[in-house]
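The block underneath contains the structure these notes are about, expressed in structure tokens.
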Amino acid sequence: MPEEMTERQESVLRFIVSYIRRERRTPSTREIMRGSGLASTGAISYQLKELASKGFIKLTGKSRGIDVVSNPFDESPVIPGTRLLRVVSGGVPAGALKPLPDLVEGSALIDQRFFKSKKDEELFLIRVAGDCMSGAGINIGDWVLVRPQSTANPGDLVIAVVDGEYTLKRFRTERGDVILEPANPAHKPIRVSKDKPKDFRILGRVVKALKDFE
């Protein structure tokens, strides 16, 4: 069990939990400073280290790298290890591919029912920015919960990178070629030919589309 918090530590943790619920990401040190009333980022860093040492949070060492491990204020779970990424998907180009750890923005509150095994701790979230899967009920502003993997079966909904651009599509194959199918007639399928291969890889398989995740 986590140790007891001081009044100041409780103020900081309450702000962090409230901010994550409202903004869908973890706050920066300066945002915590403004929200909790402490006078400096150094004071916030000290309180964060104390909260981590007492088992309430985990500090990842990255920007906004705070995972809430124990939430004593209500019964809603705060799941460590779930990642909220800045990458957009849904057929909108997102620039050159970067390693996933560089894209981590923070952690998010996800219902415990999505975590059925140890492997599910690797799940991450991406917000949909395009409309290519609107026919499947996945719209701009929705979230997709993704399991990192480099392979897919026909019919899987995947996050893929083609020539450096992210896309959310339905995976299938045709005579050895990979076909990435949209669910919107305004968008064309992407074909990755076995004879003229593109820079292509699968980042993960979508396990759930979410309108909200509190």
Problem set entry | Of the criteria (1) modelled with pLDDT under 90; (2) in contact with a Gly (Cβ under 9 Å, 6 or more places away or on another chain), which one residue 36 fails | (2)
For this session: Please indicate, with yes or no, whether at least one residue in the stretch 24-31 is modelled with pLDDT of 85 or more and within 15 Å of residue 52 (Cα to Cα).
Result: yes
Seminar exercise, completed: Only unsatisfied item for residue 84, checking (1) crowded, with 16+ Cβ neighbours inside 10 Å; (2) in contact with a Gly (Cβ under 7 Å, 6 or more places away or on another chain); (3) modelled with pLDDT of 75 or more, is (3)
Problem set entry | Those residues of the stretch 48-68 which are buried (at least 20 other Cβ atoms within 10 Å of the Cβ) and either touching a Phe, Trp or Tyr at 6+ places or on another chain (Cβ under 6 Å) or outside any strand (DSSP E or B) (or both), in sequence order | 48, 51, 56
Problem set entry | Residues within the stretch 191-214 that are of a type in the set (Phe, Trp, Tyr) and in a strand (DSSP E or B), tallied | 1
Seminar exercise, completed: Listed by first then second residue, the pairs whose first member lies in the stretch 138-153 and is without any contact (Cβ under 8 Å) to a residue 24 or more places away in the chain, whose partner is surrounded by 14 or more Cβ atoms within 10 Å (Cβ to Cβ) and aromatic (Phe, Trp, Tyr), with beta carbons under 9 Å and at least 6 positions apart or on separate chains, are 153/171
Exercise. Out of the residues in the stretch 103-145 that are within 11 Å of the chain's Cα centre (by Cα) and outside any strand (DSSP E or B), which is modelled with the lowest pLDDT?
Worked result: 103
For this session: Kindly provide the set of residues from the stretch 168-190 that are exposed (fewer than 15 other Cβ atoms within 10 Å of the Cβ) and either part of a strand (DSSP E or B) or touching a strand residue (DSSP E or B) at 6+ places or on another chain (Cβ under 7 Å) (or both), ordered by number.
Result: 173, 174, 177, 189
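The values are calculated or read from the model by the stated rules, or taken from the named source; none is laboratory data. Owing to the predicted nature of the structure, the values given are computational and were not obtained by experimental measurement. Every residue, glycine as well, gets a Cβ built from its backbone with ideal geometry; the counts of neighbours run over all protein chains shown.
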